[in-house]
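*Asks:* Following this message is one structure expressed as structure tokens.
Where a number appears in this text, it was derived from the coordinates with a stated rule and is not lab data. Only a predicted model underlies this, so the values are computations on that prediction, with no experimental measurement involved. Glycine also receives a Cβ, built like all others from the backbone with ideal geometry; neighbour counts cover every protein chain displayed.
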Amino acid sequence: MALQTILTKPTVETYLSLAEHQGQTPGTFYGGKPVLYHHCAGADILIAHDELESHPAIVSLAKAISNGAAAHGEAGSAKAIISGVDVWVNSENLALFSNSSKSGVSIPYPAVALHALQIISDSATPDSAREALLMHISLNDTSMANADEDYQMLEISIVPAAPSDDVSAAAPEAPALDAPSTSARGGSNSRTPARILFNAVSACADLHPDPQSDDDEEGEEEDTAPGASGWITAENADQYFDEDGQFVGQQILGPGAGTVRARDEDGRDADEAEVQDGGEAFADVDAKWRRTD
């Protein structure tokens, strides 16, 4: 499940359009073409110089490197820029392909530890700030890594091309991908190239939830755990903790708790009927209290 190098340039025919996917019932849920959620051409990939050789797939992606501006205006944090990269957000993986180097990288969504919107600015020209997609990518094989292993993370920023140059091969964005969000400049605009890219990556990442480990299955939270049935607030804290701050827990009931006794047609308990039929007690049945409807 690690990053993989791709040498074949993706095309629109490689994928199934989102509009076509939503407008038909699939014949099978296995196999078939991946669904293309979004495609933008000519994007810039920003990556730290010391991370260019962090993975062979990243090395093959970079061919023409130029010094970039400092992210967030921080001095001394110049990054390399990989220009002219096509970004293909599909249901199977996130594909980045460089037309100049004739190679790319496919990123599985479980390897994306974090993705968020970011403002990239040049300290020399603050007015040239652009919105980008920040991603933290795990270079470890998530299916083979363990808790004792040091995870190696790669940080990249994807800066989509300007709106006039942005080429989207996918159909118009579905409403689910066009969730409103607040702009960093104070407005609300979910149609910027970076936000469209962010929404598409979010939708595809939701299709690949993290696998549940054996430890999670064995350590599932019980209903009696504090807060398992809802929030613990100042109003209901006495239901969970005693005066010493110790968790109260569920009250243990005695033997026979929860036992349901059957009743016969006369409304008697099974044990009562057995004693009466034996003639050992309750000779006068009418004298015994009976339930009234």
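*Asks:* Search the structure for amide H atoms under 5 Å from the amide H of HIS208, placed 1.01 Å from N in the peptide plane, and list their residues when 5 or more places away or on another chain.
*Replies:* When sequence neighbours closer than 5 places are left aside, there are no close amide H contacts.
*Asks:* Taking neighbour Cβ counts within 10 Å as the exposure measure, how do VAL89, VAL12, VAL112, VAL35 sort from fewest upward?
*Replies:* The order, fewest Cβ neighbours first, is VAL12, VAL112, VAL35, VAL89.
*Asks:* Report the extension gain between THR5 and ILE119 in nm, rounded to one decimal, defined as 0.36 nm multiplied by the number of residues separating them, less their alpha carbon distance.
*Replies:* 38.2 nm
*Asks:* Could you line up THR11, THR233, THR25 from fewest to most neighbouring Cβ atoms inside 10 Å?
*Replies:* THR25, THR233, THR11
*Asks:* Under a plain spin-label model, where a point goes 7 Å from the Cα along Cα-to-Cβ, how far apart in nm are ASP141 and GLN239?
*Replies:* Label-label distance for ASP141 and GLN239, simple model: 4.8 nm.
*Asks:* Around ASN90, which amide H atoms from residues at least 5 apart in sequence, or from another chain, sit under 5 Å from its own amide H, with H modelled in the peptide plane?
*Replies:* Counting only residues 5 or more places away or on other chains, the set is TYR37, ALA95.
*Asks:* If I stretch the segment between MET153 and TRP231 completely, what's the gain in nm (0.36 nm per residue apart, minus their alpha carbon distance), one decimal?
*Replies:* Computed gain between MET153 and TRP231 is 24.7 nm.
*Asks:* In whole Hz, with x marking every Gly and Pro, tabulate ³J(HN,Hα) for the stretch 94-106 from phi via Karplus 6.51 cos²θ - 1.76 cosθ + 1.60, θ = phi - 60°.
*Replies:* Once rounded to whole Hz, the list reads 9, 9, 10, 10, 9, 6, 6, 8, 6, 8, x, 9, 9.
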